[in-house]
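A short write-up of the structure that comes next.
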Amino acid sequence: MKNDLRERREERGLSQADLAAEVDVTRQTINSIERGRYDPSLELAFDLAGYFDCRIEDVFDPE
């Protein structure tokens with residue numbers, strides 16, 4: 001699944017570890033999501049969208 005997580009994270013000056021701590025996952029999970037190798041659970045997708053104050057569809061593109 002395509003996403004713009006890396007761009008959103010970098011705009012806020014966050015490391016992968018910083019973002020991982022905010023949503024209670026490992027840095028490796030954030031890395032895998034950004035690289036398109038892992039699709040997050042619905043709960044994690046909501047947490048990430050909530051952190052960035054946007055809709056899930058704004059971060060993740062199911063195409």
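The values are calculated or read from the model by the stated rules, or taken from the named source; none is laboratory data. All values derive from a computational prediction rather than experimental measurement. Please note that ligands, DNA and RNA were not included when accessible areas were found on the heavy atoms of the full protein model with its side chains. Shrake-Rupley method; radii C 1.70, N 1.55, O 1.52, S 1.80 Å.
Annotations for the structure displayed:
- The relative contact order of region 1-58 comes to 29 percent, based on Cα pairs under 8 Å that sit 6 or more residues apart.
- Segment residue 63..residue 26, full-extension length gain: 10.8 nm, with 0.36 nm per residue of separation and the alpha-carbon distance subtracted.
- The Cα-based radius of gyration of the chain, divided by its Kirkwood radius, gives an Rg/Rh of 0.90.
- Residue order by solvent-accessible surface for 55, 37, 12 is 37, 55, 12, largest first, with ligands and nucleic acids left out and a 1.4 Å probe.
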